[in-house]
Structures are given as C-alpha cells and as structure tokens.
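Trainee: Have a look at the structure that comes next, please.
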Amino acid sequence: MSILAILIPVALGLGVIGLVVFFWTVQDGQYDDLAGDAERILFDDDTPLMPPCDTVLGAATKDRSPL
C-alpha cells in the first residue's frame, strides 16, 4: 500500500510535465503549418545526390578502350 504513496505523485508529476511541454509547443508554433507538411510529403522535388549505380558503371566501361 505504501507504493501508492510513491506512484500517485509520480504519475501526477508526469502528467503535469506532459501538459507543460504541450502548451510550450503550442506557444512555440510547432503546430501552425499542418497543411504544408501534408503537401510536402506528396511532392518529390528532391534531386538525388548521386546518379544510379549502373549509370556510373556503364559510363566507366564505355570510356575504356580495349587492350
């Protein structure tokens, strides 16, 4: 029964911490642009950093002259 004396304040403290963090994120503007994130995930306008592997290997073998 003495464990309840520890668990109840811990649970209430975690709840208060969660509420404080939630209100802090709302004040900070974390949830302002929900439509932008939804549209950004649909459009793939990123350019790849490297070309595909077979085009690099193909270009390397085409440029070599046979011995």
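Trainee: Karplus couplings for the stretch 14-19 from phi (6.51 cos²θ - 1.76 cosθ + 1.60, θ = phi - 60°), rounded to Hz, Gly and Pro as x?
Mentor: Result, ordered by residue: 5, x, 5, 4, x, 5 Hz.
Trainee: While we're on this one: Across the stretch 28-44, in residue order, what do the Karplus-derived ³J(HN,Hα) couplings come to in whole Hz, using 6.51 cos²θ - 1.76 cosθ + 1.60 with θ = phi - 60° and x for Gly and Pro?
Mentor: Result, rounded to whole Hz: 7, x, 5, 10, 6, 10, 6, 6, x, 5, 5, 6, 5, 6, 7, 9, 9.
Trainee: Net charge around D33, counting only other residues with Cβ within less than 12 Å of its Cβ (Lys, Arg = +1; Asp, Glu = -1)?
Mentor: -2
Trainee: Report the extension gain between V16 and L34 in nm, rounded to one decimal, defined as 0.36 nm multiplied by the number of residues separating them, less their alpha carbon distance.
Mentor: Length gained, V16 through L34: 3.9 nm.
The numbers here are math on the coordinates, done by the rules we state, and not lab data. Bear in mind that the values here come from a model prediction, so they are computed numbers and not experimental data. As a convention, Cβ positions derive from the backbone with ideal geometry for all residues, glycine included, and neighbour counts pool all protein chains shown.
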